[in-house]
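> Below is the structure I would like to discuss, written out as structure tokens.
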Amino acid sequence: MTVADVIGGLASCASVASFAPQAWRVVTTRDVSALSWKMYVLTVGGFALWTSYGVALGSWPIIVTNSLCLVLSAFILSMLLVPERLRARLGVRVDPSSPLAQDRRRASSGLAPDGHRAHTRRELRSSARTSSRSRQVQ
């Protein structure tokens with residue numbers, strides 16, 4: 001193993017590691033407001049070209065590294081381009097411990113986000129009628 005191989009390996013690890021935290025943050029927060037879709041279009045294109053270059057050379061370190069970066073940056077780009085509603089759904093599926101997923105579980109169990117029983121529209125109308133009747137009697 002040469003010095004160039006070690007430097008190339010370290011550079012590969014740094015490239016992949018640079019996109020992983022951003023992709024995880026997008027999954028957990030579903031917030032992409034600070035990201036530029038133009039920059040990610042260029043980044044995805046660049047990684048696609050680097051991967052193709054690696055295939056043309058038959059160089060598996062270039063292929064593997066740039067393929068991983070391509071997948072991570074394409075994921076971030078797709079999250080930038082899809083509507084917010086779909087981002088929320090994907091985030092719940094990928095990270096079931098997220099606050100949004102917990103709110104959905106509570107809603108399906110009949111609990112409000114504060115942990116108390118959620119009232120249905122029918123129950124709210126019924127209680128409104130009852131309270132208005134009690135005011136009329138007084």
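The values are calculated or read from the model by the stated rules, or taken from the named source; none is laboratory data. A quick note: this is a predicted structure, and the numbers were derived from the prediction, not measured. FYI the Cβ positions are ideal-geometry reconstructions off the backbone, even for glycines, and counts take in every protein chain you see.
> In segment 46-80, what residues are on the phi < 0 side of the Ramachandran plot and either surrounded by fewer than 13 Cβ atoms within 10 Å (Cβ to Cβ) or of a type in the set (D, E, K, R) (or both)? Walk me through how you get there before you give the answer.
As a first pass, look at segment 46-80 and keep what is on the phi < 0 side of the Ramachandran plot: 46-57, 59-80.
Passing the criteria: 49, 56, 57, 60.
> Every residue in segment 1-37 that is among the small types (Gly, Ala, Ser), in a helix (DSSP H, G or I) and under 13 Å from the mean Cα position of the chain (by Cα), please.
Residues of segment 1-37 among the small types (Gly, Ala, Ser): 4, 8-9, 11-12, 14-15, 17-18, 20, 23, 33-34, 36.
In the following step, the residues that additionally are in a helix (DSSP H, G or I) were identified as 4, 8-9, 11-12, 14-15, 17-18, 20, 23.
Once the filter is applied, which keeps residues that are among the small types (Gly, Ala, Ser), in a helix (DSSP H, G or I) and under 13 Å from the mean Cα position of the chain (by Cα), segment 1-37 yields 20, 23.
> Check segment 94-103 and report whether any residue there is hydroxyl-bearing (Ser, Thr, Tyr), part of a loop (DSSP other than H, G, I, E, B) and either over 19 Å from the mean Cα position of the chain (by Cα) or at pLDDT below 80 (or both).
Residues of segment 94-103 hydroxyl-bearing (Ser, Thr, Tyr): 97-98.
In the following step, the residues that additionally are part of a loop (DSSP other than H, G, I, E, B) were identified as 97-98.
Filter once more, so that each one left must be either over 19 Å from the mean Cα position of the chain (by Cα) or at pLDDT below 80 (or both): 97-98.
Yes, the conditions are met somewhere in segment 94-103.
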